[in-house]
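Here's the structure, in structure tokens; my notes come after.
All of the numbers you see were taken from the coordinates with simple rules; none came from a lab. Predicted model only: the values in this text are computed from it and were never measured. We place every Cβ from the backbone using ideal geometry, glycine too, and count neighbours over all the protein chains shown.
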Amino acid sequence: MISLVNVTKIFPGGEQPYYALDNVTIEIAKQEFIGIIGKSGSGKSTLLNIMSGIDCPSFGSVIVNGTDISLLSQAELTKWRLNNIGIIFQSFHLIPTLTLLENVILPMEFAYPFKRKQKKRRAMELLDSVGLADKWNLFPDFASGGEKQRTAIARALANDPPLILADEPTGNLDSENAFHIYLLFERLARSGKTIVMVTHDPDLAKSLPRTLQLKDGEIMGSKPVPRHEEMEIK
Ligand SMILES: Nc1ncnc2c1ncn2[C@@H]1O[C@H](COP(=O)(O)OP(=O)(O)OP(=O)(O)O)[C@@H](O)[C@H]1O
Ligand SMILES: [Mg+2]
């Protein structure tokens, strides 16, 4: 489902360029529920941004669900993302002028071939699945951190994407709600979705079938692969 080969992301730094990701090679199979762990600043969000095409790598290739996303234009990428990926951002990115329900409906307005009433019903069901059925009419500014986070999870599922990229989706939740989201993701993976979840929660990480650990932009314990500058240029 996801194939990253020799991915390096360099940000221009003060004195020196900064390697946020350093020669990362990862294969993630369809239907995997995989965790990404690592300290703050180790490159986890950068990695998810590269998988979603929000950011592009300085070097390396990124194939997601059979598409080499580096070949897509910005417009193609937006359309592709809408149908292929649900993203749960670390800082939610809800639209403040829309209610929680309208935030969940929004991605469907661009992709889902259903009537307004059906979209509303689907959004209500998704809000219900994250325990927010009674909060649908609230604006994000009045919602708690955990409620915003759960709305962002419901929104990511709106278009029924095959791949879900979740950046600390339980970071603002108490342990009971966090476990509820974990079970929801587990169910989605069993039904065929692929889920990549960044987490700082050691209990959740332990429950996952596979986790990758990032340290200073490198995957720990992965086999050494030649760095891009050592690779033969053909
Ligand atoms: N646009 C940017 N320009 C310069 N440096 C950046 C940029 N984006 C990220 N970085 C740096 O890259 C490193 C990795 O950042 P990233 O956000 O991926 O970390 P993270 O593992 O998600 O951390 P956290 O757990 O705190 O969310 C950090 O040192 C960060 O400062
Ligand atoms: Mg992050």
Over the stretch 165-184, the set of residues farther than 12 Å from G146 by Cα and touching a Ser or Thr at 6+ places or on another chain (Cβ under 7 Å) is L165, D167, Y182, L184
Would you mind stating whether L101 is over 28 Å from V7 (Cβ atoms) and over 15 Å from the mean Cα position of the chain (by Cα)? yes
Being buried (at least 21 other Cβ atoms within 10 Å of the Cβ), of a type outside the set (S, T, N, Q) and either within 19 Å of S91 (Cβ to Cβ) or over 18 Å from the mean Cα position of the chain (by Cα) (or both) is the requirement here; does I50 meet it? yes
